[in-house]
Amino acid sequence: MFRHQGKKRTFIHNLRLATILSFVAGIVNITGVLALKTLTTNVTGHFAYFAEEVLRRDFLAAITFFVFTIFFLLGSFTANFLSELISKSNPGLSHIIPISIEIIVLFSIGIFGSASDISTLEGKWIAFALLFVMGAQNSLVTKISQATVRTTHLTGLFTDLGIELSQLFFYKKPEKIEKLKTSIYLRLSIIGFFFIGCIFGGFIYNYLEIKTLLVGTFFLLIALMFDYLRYHFLMIKRKKNYIKTI
C-alpha cells in the first residue's frame, strides 16, 4: 500500500491507499467543522474567507485565513522533503515519518485539544495543526501514487470523474474502456470513503467530540501495521519459495 512505487504499484495498492486515507480525511474534515467551525482538510474555501475579511477590513482575521493556507503548504513541503530524504537510504520506509507525524499530531489534539472557535488562540493552533497534517497526507499519497490518488479534498476528483464519465461515450477499444472504468472506480471509492468518514466521524463526534480524531489515529495505525505485516509475510513467502527451488 505504502511501499510500492512507480511501476511496482498496482490498482489494488492505490485502492487500499485511497480508501483508508480518504476515510481518515473525512473524519478530520467533519471534526474540524464541528469543533472549530472551519475547514481543516483543504484550502480552497480559506482563500474566499481571506478575501471576504480583507473587504471587511478585518485584517487580523484575513491574516489567520492566509496562514491556514501556509500551514497546508508547509505540511505538503515537509512530508515530501522527509520522504525524499529517507528514500535515499531506505526507499521502503520513506512513508513512515510523514504518517507518524500525522498520527502524533492527531493523537495529541485528540488528547489535549478541545472544541474551540478559531477566534481563540487554541482554536487557531488546532486548525493550523490539522491543515499541516492534511497537507502532509495529501502530499504523501500524491507522491506514492504518482498523482493518481488524492485524499483530502474532492474538487479535483469530481472534475476528473466528470471527464472520465463523459469519455465512456467515446472510447471504443476494450483495453481503453477497461482502464477508464478502473480509474472511475478508484475515484468513486475515494469520494465514497471520504463521505463515509464524514458521516461516521459526525456520528462519533456526538459522543467523543474532538477525541474523534483518536479514531482517525487508530485507522492510520491499522494501515501502517497492515502494510508492515503484509510486507514481511510476502518476504517470508518469497524466501521459502526460493529455498524450495534450490
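The values are calculated or read from the model by the stated rules, or taken from the named source; none is laboratory data. Worth saying up front: this structure is predicted, and the values here are computed from it rather than measured. Note: ideal-geometry Cβ built from the backbone for every residue, glycine included; neighbour counts use all protein chains shown.
Report, ordered by the first and then the second residue, all pairs with beta carbons closer than 7 Å, sequence separation of six or more or different chains, a first member in region 20-41 that is farther than 19 Å from Ile191 by Cβ, and a second member that is of a type in the set (Gly, Ala, Ser) and in a loop (DSSP other than H, G, I, E, B).
Correct list of pairs: Ala35/Ala115; Leu36/Ser116.
Could you tell me whether any residue of region 203-218 is under 15 Å from the mean Cα position of the chain (by Cα) and of a type in the set (A, V, I, L, M)?
Yes - at least one qualifying residue is present in region 203-218.
List pairs: first in region 202-220 and farther than 14 Å from Ala115 by Cβ, second modelled with pLDDT under 95, Cβ under 6 Å, 6+ apart or cross-chain?
Listed by first residue and then by second, the contacts come to nothing, as the list is empty.
Scanning region 64-123 for residues that are of a type in the set (Ser, Thr, Tyr) and within 20 Å of Asp227 (Cα to Cα), which turns out surrounded by the most Cβ atoms within 10 Å (Cβ to Cβ)?
Ranking the qualifying residues of region 64-123, first place goes to Ser94.
Name the residue, out of Gly26, Gly32, that is assigned to a helix (DSSP H, G or I) and over 11 Å from the mean Cα position of the chain (by Cα).
It is Gly32.
Inspect region 47-67 for any residue being within 16 Å of the chain's Cα centre (by Cα) and either among the hydrophobic types (A, V, I, L, M, F, W, C) or at pLDDT below 95 (or both) and give the result as yes or no.
Checking region 47-67: not a single residue is within 16 Å of the chain's Cα centre (by Cα) and either among the hydrophobic types (A, V, I, L, M, F, W, C) or at pLDDT below 95 (or both).
Can you tell me which of (1) crowded, with 22+ Cβ neighbours inside 10 Å; (2) free of Cβ contacts under 8 Å to residues at least 60 places away in the same chain; (3) among the aliphatic types (A, V, I, L, M) is the one Leu17 doesn't meet?
All conditions pass for Leu17, except number (2).
Among the helices (runs of 4 or more DSSP H) confined wholly to region 43-129, which include 3 or more residues that are touching a residue at least 40 places away in the same chain (Cβ under 8 Å) and in contact with a Pro (Cβ under 8 Å, 6 or more places away or on another chain)?
Those helices (runs of 4 or more DSSP H) span 59-87.
Could you identify the single residue in Lys181, Lys211 that is under 15 Å from Gly32 (Cβ atoms), of a type in the set (Lys, Arg) and surrounded by 13 or more Cβ atoms within 10 Å (Cβ to Cβ)?
Answer to the selection: Lys211.
Among Phe233, Phe226, Phe194, which is surrounded by 13 or more Cβ atoms within 10 Å (Cβ to Cβ) and modelled with pLDDT under 90?
Within the list Phe233, Phe226, Phe194, the selection yields Phe226.
Only residues that are at pLDDT below 95 and closer than 24 Å to Ala223 by Cβ: list them for region 113-131, please.
Gly113
Just to be sure before I move on: is Thr31 modelled with pLDDT of 85 or more, under 13 Å from Leu154 (Cβ atoms), out of contact with any Cys (no Cβ under 6 Å at 6 or more places or on another chain) and polar (S, T, N, Q) in the structure I sent?
Taking the combined requirement at face value, the residue does not satisfy it.
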